[in-house]
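Here's the structure, in structure tokens; my notes come after.
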Ligand code: ADP
């Protein structure tokens, strides 16, 4: 059971945003994707989640080709994502922000609220349930965004820069949650992050993207030892 990007290329006119990118993520695994600005990380997210079609290559989810499947269909097949900006419904409280997802999946309102509370408590965020989503502190908004993605009971979760704007302590708390999502929920996590330290400490395997190509992959030790990675990040 895995999510596989197989030789994905994406061209915008003559410009290759992704060039022959192959990435593999298994359930219960944390895989990191890092790279400087413009490397193609967001394009990868858009490909995986069905917001964009590749020029060539395939995306396989548990053995099924999900190229050209609609975003809602991909989510239904077990792949959820978070967004960089919270995208919460500002007129609703936190519990309802989660519960609407359950209702959208066809569960009753009552069952959806129960599930929303369960997910929030699991994340240590039960105290947020009755707060209005508008005006939540930034890190809480992030946590609610992850909780909402977990309402889909995903097999795979894409985290798009979840630690952006967080202090070191906040990022440590987030790291614990990510670890538990993989370990306790048996969920594969694709972690796309600017915080390279966080990615290296959490991930079983890391891919480094630069100018549309995977220039290096491996575990923490291999990435830290890579001259290509140093050059991509430091130009040295
Ligand atoms: P990252 O998320 O790593 O910063 P992106 O995936 O956003 O990188 O972008 C990769 C490259 O593709 C950038 O040079 C960007 O300008 C280009 N790009 C992304 N989307 C489009 C688009 N819709 N049309 C043209 N170029 C795009």
- Note on the structure: Flagged in region 147-165 as out of contact with any strand residue (DSSP E or B) (no Cβ under 7 Å at 6 or more places or on another chain), buried (at least 18 other Cβ atoms within 10 Å of the Cβ) and within 25 Å of residue 96 (Cβ to Cβ), in numbering order, are 147, 148, 150, 151, 162
- Note on the structure: The correct count of residues that are buried (at least 18 other Cβ atoms within 10 Å of the Cβ), in contact (Cβ under 8 Å) with a residue 60 or more places away in the chain and under 30 Å from residue 122 (Cα atoms) in region 184-216 is 13
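Test residue 35 against the stated conditions and say whether it is surrounded by 18 or more Cβ atoms within 10 Å (Cβ to Cβ), within 16 Å of the ligand (Cβ to nearest atom) and farther than 26 Å from residue 229 by Cβ.
Values: surrounded by 18 or more Cβ atoms within 10 Å (Cβ to Cβ): yes; within 16 Å of the ligand (Cβ to nearest atom): yes; farther than 26 Å from residue 229 by Cβ: no.
No; evaluated as a whole, the condition is false for this residue.
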- How many residues are surrounded by 18 or more Cβ atoms within 10 Å (Cβ to Cβ) and either within 17 Å of the chain's Cα centre (by Cα) or farther than 22 Å from residue 171 by Cα (or both) if we restrict to region 104-122? 4
- In this structure, does residue 98 turn out to be surrounded by 21 or more Cβ atoms within 10 Å (Cβ to Cβ), in contact with a helix residue (DSSP H, G or I) (Cβ under 7 Å, 6 or more places away or on another chain) and closer than 23 Å to residue 196 by Cα? no
- Item | Output for region 185-199, where each listed residue is at pLDDT 95 or above and over 15 Å from residue 159 (Cβ atoms) | 186
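Please go through region 10-31 and give me each residue that is at positive phi and within 11 Å of the ligand (Cβ to nearest atom), ordered by number.
Step one: filter region 10-31 for residues at positive phi, giving 13, 20, 28.
Across region 10-31, the qualifying residue is only 13.
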- Task: Scan region 217-232 residue by residue and report those that are surrounded by fewer than 21 Cβ atoms within 10 Å (Cβ to Cβ) and within 22 Å of the chain's Cα centre (by Cα).
- Result: 217, 218, 219, 220
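Out of all the residues in region 29-58, which are out of contact with any strand residue (DSSP E or B) (no Cβ under 8 Å at 6 or more places or on another chain) and over 14 Å from residue 4 (Cα atoms)? Write out each step before concluding.
Residues of region 29-58 out of contact with any strand residue (DSSP E or B) (no Cβ under 8 Å at 6 or more places or on another chain): 37-38, 46, 50-51, 53.
37, 38, 46, 51, 53, listed by residue number.
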- Task: State whether one or more residues within region 58-65 are surrounded by fewer than 18 Cβ atoms within 10 Å (Cβ to Cβ), at pLDDT 90 or above and on the phi > 0 side of the Ramachandran plot.
- Result: yes
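The values are calculated or read from the model by the stated rules, or taken from the named source; none is laboratory data. Just so it is clear, the model here is predicted, and its values are computed rather than measured. All Cβ positions, glycine included, derive from the backbone under ideal geometry; neighbour counts span all protein chains shown.
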